[in-house]
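First up is the structure itself, then whatever we jot down about it.
The values are calculated or read from the model by the stated rules, or taken from the named source; none is laboratory data. Model, not experiment: these values are computed from the prediction. Cβ: placed from backbone, ideal geometry, glycine included. Neighbour counts: every protein chain shown. To get the accessible areas, we keep the full protein, side chains included, count just its heavy atoms, and leave off ligands, DNA and RNA. Shrake-Rupley method; radii C 1.70, N 1.55, O 1.52, S 1.80 Å.
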Amino acid sequence: MKILFEYVLPVAIFIFGMWLAVKTDLLKDRQVDNGSDKTFSFSRSQLFYWTMIVIICLCAGIGNNGNFDLLLNLKEPSILLLLGISVGTASVATYIDNEIPTSKKNTESKSFIKDILSDAGGISVHRYQALLFNIIFGLVFVCQFITNTTEFPVFDNYALALMGTSSAGYLLIKTNEKQKKSVS
């Protein structure tokens with residue numbers, strides 16, 4: 001069980017996840033309807049990123065500890081809040097994309113980084129900020145987990161508020177930009 005959960009399963013999940021990300025539309029916007037290549041979605045990529053981190057750490061922790069306590073005895077809600085922020089961001093972003101028209105619907109994919117950092121007006125600071133916070137929090141999460149695989153890392157309320165504020169800022173500015181584009 002140790003080798004399976006600690007090594008085989010995390011590697012298999014990572015490889016399969018990367019295959020899905022590259023070979024399917026898993027991380028792409030859903031609303032493109034002009035036959036062009038769909039653009040990558042920041043919010044879908046964020047949800048994928050946190051899902052992969054949590055699932056891989058969970059499997060590695062189960063393998064390293066030799067039991068399911070990591071999953072069955074959650075002591076702090078940090079992990080639930082991090083995933084909740086990502087699910088909420090993806091859900092609200094999908095709603096915004098479906099309800100507010102934008103000129104981005106008719107753009108073609110340039111590259112993963114350019115797509116997730118760009119809106120209809122080009123590369124945006126709010127997307128860049130949200131990307132940086134996700135990368136930093138993800139690295140801290142993984143590093144803290146590696147040092148103690150018996151429990152998921154705990155982020156205090158201020159750190160979670162920072163992550164939530166970054167995601168909320170991304171969504172609010174996304175809404176305003178889409179409204180401006182549809183009015184003009």
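Some observations on this one:
- Residues (open to solvent by less than 50 Å² (accessible area, probe 1.4 Å) and polar (S, T, N, Q)) located in the range 126-162: 134, 149
- Selection status of residue 44, in contact (Cβ under 8 Å) with a residue 12 or more places away in the chain, among the basic types (Lys, Arg), farther than 25 Å from residue 146 by Cβ and outside any helix (DSSP H, G or I): no
- When the range 77-94 is filtered for residues that are open to solvent by 60 Å² or more (accessible area, probe 1.4 Å) and within 9 Å of the chain's Cα centre (by Cα), only 87 remains.
- Screening residue 79 on (1) modelled with pLDDT of 90 or more; (2) assigned to a helix (DSSP H, G or I) shows it passes everything except condition (1).
- Search result, residues across the range 165-184 that are hydroxyl-bearing (Ser, Thr, Tyr) and at pLDDT 55 or above: 165, 166, 167, 170, 175
- The residue pairs whose first member lies in the range 135-147 and is free of Cβ contacts under 8 Å to residues at least 40 places away in the same chain, whose second member is in a helix (DSSP H, G or I) and open to solvent by 50 Å² or more (accessible area, probe 1.4 Å), and whose beta carbons are closer than 8 Å, counting only pairs six or more residues apart or on different chains, do not exist in this structure.
- Residue within the range 105-112 that is modelled with pLDDT of 90 or more, hydrophobic (A, V, I, L, M, F, W, C) and surrounded by 13 or more Cβ atoms within 10 Å (Cβ to Cβ) present: yes
- For the range 113-125, the tally of residues that are surrounded by 16 or more Cβ atoms within 10 Å (Cβ to Cβ) and at pLDDT 85 or above stands at 5.
Residues checked against (1) farther than 17 Å from residue 148 by Cβ; (2) touching a residue at least 12 places away in the same chain (Cβ under 8 Å); (3) under 14 Å from the mean Cα position of the chain (by Cα); (4) open to solvent by less than 70 Å² (accessible area, probe 1.4 Å):
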residue	(1), (2), (3), (4)
21	yes, yes, yes, yes
25	yes, yes, no, yes
52	yes, yes, yes, yes
65	no, yes, no, yes
69	no, yes, no, no
